[in-house]
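Colleague: Sharing a structure with you now.
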Amino acid sequence: MYLLFMLVWFRLLKYVPLGIALPAMGLNYVFVAFCGQLMFKEKIDFKRWCGIFLILSGIILVGIGGADFL
């Protein structure tokens, strides 16, 4: 799975500026949490939901701001 994400990362860097691509890699944690829930029936507790919310909020804020500050 890590190899797949590295390949996606390299492809993403080819087309997207680093200031946007780097925060988007936070989606890896969200993806792993949801895959764990779907494949292994793991429960996502409140703290993990809060973390997912913060990651997605950060990605949205960077997307709205255009990542000019990075």
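The values are calculated or read from the model by the stated rules, or taken from the named source; none is laboratory data. As the structure is a prediction and not an experimental result, all values here were calculated from the model. Backbone-built Cβ (ideal geometry, glycine too); neighbour counts: all protein chains shown. Protein only, heavy atoms only, side chains kept; ligands, DNA and RNA dropped before computing areas. Shrake-Rupley method; radii C 1.70, N 1.55, O 1.52, S 1.80 Å.
Colleague: Quick one: if the Förster radius is 22 Å, what FRET efficiency do Leu27 and Lys47 give, using the C-beta to C-beta distance and rounding to 0.05?
Modeller: 0.75
Colleague: If you roll a 1.4 angstrom probe over the protein chains with everything in place, what fraction of the accessible area of the chain belongs to carbon and sulfur, to the nearest %?
Modeller: 74
Colleague: Just by accessible area at a 1.4 angstrom probe, what is the order of Trp9, Trp49 from largest to smallest?
Modeller: Result of the area sort, largest leading: Trp49, Trp9.
Colleague: Which longest uninterrupted range of the chain lacks any trypsin sites (Lys or Arg not before Pro) assigned by DSSP to a loop state (not H, G, I, E or B) and surrounded by at most 13 other Cβ atoms within 10 Å?
Modeller: 1-40
Colleague: Okay, next question. Over all directions, how big on average is the projection of the convex hull of the alpha-carbon atoms in the chain, in square nanometres?
Modeller: So the Cα hull casts an average projection of 5.2 nm².
Colleague: Cα axis of helix 2-15 to longest principal axis of the chain: angle in degrees, 0 to 90, nearest 10?
Modeller: Computed tilt is about 30 degrees.
Colleague: Starting from the 7 Å offset along Cα-to-Cβ, what nm value, one decimal, do you get for the label separation of Lys14 and Leu61?
Modeller: 3.2
Colleague: Magnitude of the Cβ-charge dipole of the chain, K/R +1 and D/E -1, about the Cα centre, nearest 20 debye?
Modeller: My answer is approximately 180 debye.
Colleague: For the chain, take the longest principal axis of its alpha carbons; what is the angle in degrees between that and the long axis of helix 27-40, to the nearest 10 within 0 to 90?
Modeller: So the inclination is approximately 20 degrees.
Colleague: Let's test the formula: R0 of 22 Å, r as the Cβ-Cβ distance of Met6 and Leu38. What FRET efficiency results, to the nearest 0.05?
Modeller: The value I calculate is 0.50.
Colleague: Can I ask one more? Taking the Cα centre of the chain as the origin and placing charges on Cβ (Lys, Arg +1; Asp, Glu -1), which of Leu56, Leu12, Leu38 is farthest toward the positive end of the dipole?
Modeller: Farthest towards the positive end: Leu38.
Colleague: On a 0 to 90° scale, report how tilted helix 46-65 is relative to the longest principal axis of the chain, with both axes built from alpha carbons and the result rounded to the nearest 10.
Modeller: Between helix and principal axis, roughly 20 degrees.
Colleague: In addition: Taking the solvent-accessible surface of protein heavy atoms with a 1.4 Å probe, what is the per residue accessible area of the chain in Å²?
Modeller: 81
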